[in-house]
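Report on the structure given below.
The values are calculated or read from the model by the stated rules, or taken from the named source; none is laboratory data. These numbers come from a predicted model, not from an experiment. Please note that ligands, DNA and RNA were not included when accessible areas were found on the heavy atoms of the full protein model with its side chains. Shrake-Rupley method; radii C 1.70, N 1.55, O 1.52, S 1.80 Å.
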Amino acid sequence: MMRNKGEVCKIKTKRITSFAHQLLIFIFMTCICNHDASAKVTDHLQMERVKGFPANEKGIEKGVSACFAGIVDGYLIMAGGCNFPDVPAADGGKKKFYQGIYAAKISTTADTLDWQLIGKLPEPCAYGVSVSLPNGLLCMGGCNAEGSSDQVFKITIEQGKAVVEAYPALPWKLDNFAGSLGHSTVMVYDGLHIAQLQLEDLQKGWQILSPLTSEVLGQPVCGYTDGAFYAWGGCTSKTDKQDAQLQMQGYQFAKNGAKPVEGPRTCLQEEIYLGGAAVVNCGDAGIVTLGGVNKDVFEAAVNRPMPGYMKHPIAWYRFNPYINSYKNGKWTLLGSHEAAARAGASLVLDGTYLYIIGGELKPGIRTAEIYRFRLPL
């Protein structure tokens, strides 16, 4: 039977529409399957809220971001951090920096952390880097209202009180940078500056390595696994000549130099930006990351700021809820959870649990909620 051109066109259109419909269903179902798998893994993560937050400094009870945090002698330690305790940042409030060092005994059965003020930092501080050592918590750099810092010190506990021991100062004053511990070496990185400190030979001080780029990256992340340091995320600053650039890929730092490595992706293979994320080394589980800002929302905000940007509800900012691990050159999406959707949080491993401490729920709004979860076996 002969068909006219109009009928043929209609049939082809129907077939194309049918194919497109089937393709959309396939993509949707694939995402659902991945989402379900992710949800199951998240169940295995046993995400649970832990009560309790420091309250000895006025305003800190409202939650902080960018604090030092780690494990010392079976105690969870957090120190410093910042927030807007009085007037919200969206209304022009003043940022407050904290100085207290707090400790809470870790218990795998208790659902509350009993925080005690055990000492003070040399000065109020936030936006530094801390790494847990076998014999203390090493804290590096940071800033406060007076400017950036190059201080490095180790926090230990003696007779229930914090002891602060000075270490070799950083080669530069740094804040909003990244750092990690690998065996007995500490590396710090801000996109431009790279330096390493051998903990077994402190007299040598920090060794400066060759820069990878020509610009500093704000809020990158760094970790150590498989015998090498890795870094991802961060962004350049906007100038009159160039927009801010988000760093989506990462680098592996090895003895023979640095090479690019991919960043994590969602179930739909969308790139996840790790700027402002929380990261911790987890031994055999590799490097675990969670949270951070949404790349599209953040990039638009820094390059094309609009009035009222800080006035939107939390959900509008779409902070990343993803929990990922990197091991053997491969990313694994462990799951997603609303508790992970923070920027500037601290992530600490105590050997059994991972603790998510503080952070921002949206620009300027901190949280005092602490969660913990187990990694899947």
What is the distance in Å between the Cα centres of segment 200-223 and segment 349-377? 26 Å
Straight-line reach from Lys327: which aspartates and glutamates have a Cα under 14 Å away, not including same-chain ones fewer than 8 places off? Asp226, Glu262, Asp284
Relative contact order computed over the chain (Cα-Cα under 8 Å; 6+ residues apart), in percent: 15 percent
With every protein chain present, what accessible area does His312 have (1.4 Å probe, heavy atoms only), rounded to the nearest 10 Å²? 60 Å²
Counting each DSSP H run of 4 or more residues in the chain as -39500 (n - 2.57), what helix-only mean residue ellipticity at 222 nm follows after dividing by all residues, to the nearest 500 deg cm²/dmol? -5000 deg cm²/dmol
From the phi of every residue in segment 154-167, what ³J(HN,Hα) in whole Hz does the Karplus formula 6.51 cos²θ - 1.76 cosθ + 1.60 yield, where θ is phi - 60° and glycine or proline is x? 10, 9, 10, 10, 10, 6, x, 10, 6, 10, 10, 10, 6, 10
Enter the accessible area per residue of segment 66-128 (Å², integer; probe 1.4 Å; all protein chains in place). 40 Å²
With θ set to phi - 60° and the Karplus curve 6.51 cos²θ - 1.76 cosθ + 1.60, what are the ³J(HN,Hα) couplings of segment 236-247 in order, to the nearest whole Hz, using x for Gly and Pro? 7, 8, 6, 10, 5, 9, 8, 5, 5, 10, 8, 8
Using only the alpha-carbon atoms, how far is helix 5-45 inclined from the longest principal axis of the chain? Give it as 0 to 90 degrees, nearest 10. 20 degrees
For the chain, just the Cα set please: Rg and Dmax, both in angstrom. 22.8, 96
Among Asp114, Asp240, Asp73, residue whose mean-square fluctuation peaks in a GNM of the chain (springs only between Cα atoms under 10 Å): Asp240
At q = 0.13 Å⁻¹, the log10 of I(q)/I(0) for segment 77-211 from a Debye sum over equal Cα scatterers comes to -0.62
I need the fraction of alpha carbon pairs in segment 103-147 separated by more than 16 Å, rounded to a whole percent. 58 percent
Gaussian network model of the chain, Cα springs within a sub-10 Å range: biggest mean-square fluctuation belongs to which of Glu165, Glu338, Glu146? Glu146
Can you work out ³J(HN,Hα) from phi for every residue in segment 121-134, in order, using Karplus 6.51 cos²θ - 1.76 cosθ + 1.60 and θ = phi - 60°, giving whole Hz and x for Gly and Pro? 5, x, 7, x, 7, 8, 6, x, 10, 10, 9, 7, 9, x
Relative contact order of segment 81-140 (C-alpha contacts under 8 Å, at least 6 apart) in percent is 27 percent
